Amino acid sequence: MNDPVQFETFLANYQDMVYATAFRLLGREAEAEDIAQETFVRAWNHWQELAGSPTAGGWLKTVARNLCLNHLERYRARWKFFTDLKSADSDDDDAGLEATFGSESTVDSDLLNRDQRRVLEEALGKLPQDQRVALVLYHYEDLDYTEIAARLRVSLGKVKTDIHRARLALQKRLQPCREQLGI
């Protein structure tokens, strides 16, 4: 039998991670909340296996990611896909475009890092959906280009193009913030 009190503690421990995963992929609060809720409904249905499991967080993240991808698949008609392009991108070309922030272990730098994450999340939310999804799957979900192409059912060239364009757009959007912060 499922223990509601134990599950409530579990939910409180993982709700931010699940919501953040969904929000990064979907870019909309209401949709991310729906996905997070569905993720925890599924967790409740599998509570006997998840209770006390050291891999519960990974299970939740995978379920949330898959629910998001299924949701996006349903609305795929809204996406504007590029035709298959021969991309001149290579993994090495993208190295200089990542938004990185230095970190020191002081209270001021922790606050600065929180502000930087917020700015980055806002910039991610302004990207076109196909670019945001590919970039999030690569940087936050640690999928490689081939896995992303397979999951999204698009060409490898499209994934590389979307990630490259997303990085350029983020760099452009984040540059004024970086200059203002002296980074």
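Values in this text are rule-based calculations from the coordinates and carry no lab data. Just so it is clear, the structure is predicted and the values come from calculations on it, not from any experiment. When we count neighbours, we look across all protein chains shown, and the Cβ atoms used for this are built from the backbone with ideal geometry, even at glycine.
What the table below lists for this structure:
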read-out	value
Backbone HN-Hα couplings from phi across the stretch 149-162 [Karplus 6.51/-1.76/1.60, Hz, Gly and Pro as x]	4, 5, 5, 8, 6, 10, 6, 4, x, 5, 4, 4, 5, 4
Residue exposure sequence - ASP144, ASP34 - by fewest surrounding Cβ within 10 Å	ASP144, ASP34
Order of SER53, SER155 - criterion: other Cβ atoms within 10 Å of each residue's Cβ, fewest first	SER53, SER155
